[in-house]
Amino acid sequence: MSGLQPVFVHGWACGPEIWHPVQAALGVTDWLSLDLGYFKALTHQPQSVLATNFLATQDKQPKLFIGHSLGFMWLLSQCKIPEGSRFVGINAFGRFAATQGYEHGVPTRVLQRMQVGLSRNIAQGVNAFRARCHLPEVTEAICQPAALQDGLEFLAQGDVRPSLPQLVQNRSLLVLAGAQDPIVTPALTEAAFPAGGACHWQAQGGHMLPQTHPQFCAEHIRTFL
């Protein structure tokens with residue numbers, strides 16, 4: 001591994017715990033996991049900090065930012081990323097929602113239905129998504145409605161595609177994708193990133209590569225560095 005400190009950011013309706021298998025596979029100890037606050041933490045997560053706290057206190061040293069799904073887009077949307085940092089997007093995208101000229105994105109009506117579903121029954125809405133990712137159910141008691149709704153709004157509006165060509169040119173971007181991903185389909189992955197970037201596919205992988213294929217993720221991250 002290089003001298004860059006790894007900083008992990010999870011996706012929507014997930015938490016920092018999704019990274020444990022990858023962190024173990026990498027064998028590094030000096031890492032941080034950022035928590036976007038979708039759920040109340042039932043137990044203390046070592047080396048996990050709220051994303052807002054990290055942004056307010058981070059130093060200017062370059063880091064290795066590793067984002068899953070929405071977490072990758074969230075990272076690139078921040079204005080305080082230290083120069084010289086490198087980025088890994090796992091099951092990731094530069095934009096999620098479809099727009100003019102970007103038809104492979106997810107239709108906005110799908111996200112609107114999810115937003116309505118959350119407002120009616122938050123646990124049911126979250127768990128319907130988590131079931132597609134083969135993640136265990138969560139209870140309503142730990143769900144944070146405002147953060148989850150903000151996350152859906154960000155999925156509907158967020159767009160960091162203008163930042164990607166420079167990362168590709170600098171060879172500062174690695175993309176890992178699942179060929180069987182039902183959330184971020186191969187067509188969406190290919191549309192979301194510029195040609196010429198380093199994208200590696202796990203033929204049997206779904207949307208939770210950090211959980212299902214941690215060795216695949218770790219090996220490509222080591223090679224990238």
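Overview of results
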{"item": "Enumeration of residues in the stretch 92-139 that are in contact with a His (Cβ under 9 Å, 6 or more places away or on another chain) and either more than 23 Å from PHE72 (Cβ to Cβ) or open to solvent by 30 Å² or more (accessible area, probe 1.4 Å) (or both)", "result": "ARG132, HIS134"}
{"item": "Output for the stretch 182-225, where each listed residue is under 15 Å from VAL88 (Cα atoms) and charged (D, E, K, R)", "result": "GLU219, ARG222"}
{"item": "Scan of the stretch 59-104 for residues that are in contact (Cβ under 8 Å) with a residue 12 or more places away in the chain, over 19 Å from GLY11 (Cα atoms), assigned to a loop (DSSP other than H, G, I, E, B) and not acidic (Asp, Glu), ordered by number", "result": "LYS60, GLN61, PRO62, LYS80, PRO82, GLY84, SER85, HIS104"}
{"item": "Residue in the stretch 140-147 that is open to solvent by 20 Å² or more (accessible area, probe 1.4 Å) and in contact with a helix residue (DSSP H, G or I) (Cβ under 7 Å, 6 or more places away or on another chain) present", "result": "yes"}
{"item": "Test result for GLY151, under 23 Å from PHE39 (Cα atoms), outside any loop (DSSP other than H, G, I, E, B) and free of Cβ contacts under 8 Å to residues at least 40 places away in the same chain", "result": "no"}
{"item": "Test: VAL9 is in contact with a strand residue (DSSP E or B) (Cβ under 7 Å, 6 or more places away or on another chain) and under 17 Å from PHE93 (Cα atoms)", "result": "yes"}
{"item": "Residue count, the stretch 22-48 (criterion: open to solvent by 50 Å² or more (accessible area, probe 1.4 Å) and hydrophobic (A, V, I, L, M, F, W, C))", "result": "3"}
{"item": "Any chance ARG109 is among the basic types (Lys, Arg) and either closer than 25 Å to LEU176 by Cβ or in contact with a Lys or Arg (Cβ under 7 Å, 6 or more places away or on another chain) (or both)", "result": "no"}
{"item": "Any chance PRO136 is free of Cβ contacts under 8 Å to residues at least 60 places away in the same chain and more than 27 Å from THR212 (Cα to Cα)", "result": "no"}
{"item": "Residue match in the stretch 185-194 (condition: at pLDDT below 95 and at positive phi)", "result": "no"}
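So that you can scan it fast, the table gives a plain yes or no per residue for (1) at pLDDT 90 or above; (2) more than 27 Å from THR139 (Cα to Cα); (3) in contact with a His (Cβ under 7 Å, 6 or more places away or on another chain); (4) not β-branched (Val, Ile, Thr):
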residue	(1), (2), (3), (4)
ALA25	yes, yes, no, yes
GLY37	yes, no, no, yes
GLN45	no, no, no, yes
ASN53	no, no, no, yes
ASP59	no, yes, no, yes
PHE65	yes, yes, no, yes
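The values are calculated or read from the model by the stated rules, or taken from the named source; none is laboratory data. Predicted model, so just to flag it, every value in this text is computed and none were measured. Here Cβ is always computed from backbone atoms with ideal geometry, including for glycine, and neighbour counts include all displayed protein chains. We work out accessible area using only protein heavy atoms, side chains counted, and drop any ligands, DNA or RNA first. Shrake-Rupley method; radii C 1.70, N 1.55, O 1.52, S 1.80 Å.
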